[in-house]
Amino acid sequence: MDGSNMPVNGGWRNVVRRWLDAALEALDALAFDGPDARAVALGLRVHRPARFVRVYRSPAFDTRTPCVPCDGEGVTARGPCRDCLGLGRVGGRRSVTSGTG
Ligand SMILES: [Zn+2]
């Protein structure tokens, strides 16, 4: 055996890889099809950044803007942010006003 009769370019490996990809996609669908459908029914947006990962987000949250004092983190060096109550977001667009002092 000198390996000269082996498939070129790792052919069987590609077959196994494609089969595993299909199996993982099927598992992903099995795990998330139900939750995804429920999220859509609730009006949430479904984002799939990677296989087996979902981010469900309310579109209402998009109307909010990052909290400036905590930089959208919800916490400051002194603890939970009091401006956004730890949410990291504040309602609506904040207007920047300039004072006279
Ligand atoms: Zn804040």
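Values quoted throughout were computed directly from the atomic coordinates according to the rules given, and no laboratory measurement underlies them. What you are looking at is a predicted structure, and each value in this text was computed from that prediction instead of being measured.
In a fully extended conformation the segment linking ARG13 and LEU27 would gain 3.0 nm over its present Cα-Cα distance, using 0.36 nm per residue. Compared with the rule-of-thumb size 2.2 N^0.38 Å for a compact globular protein, segment 7-58 has a Cα radius of gyration ratio of 1.57. Whole-Hz Karplus values for segment 27-37 come out as 5, 4, 5, 4, 6, 10, 4, x, x, 4, 5 Hz, taken residue by residue from phi with 6.51 cos²θ - 1.76 cosθ + 1.60 and θ = phi - 60°; glycine and proline positions read x.
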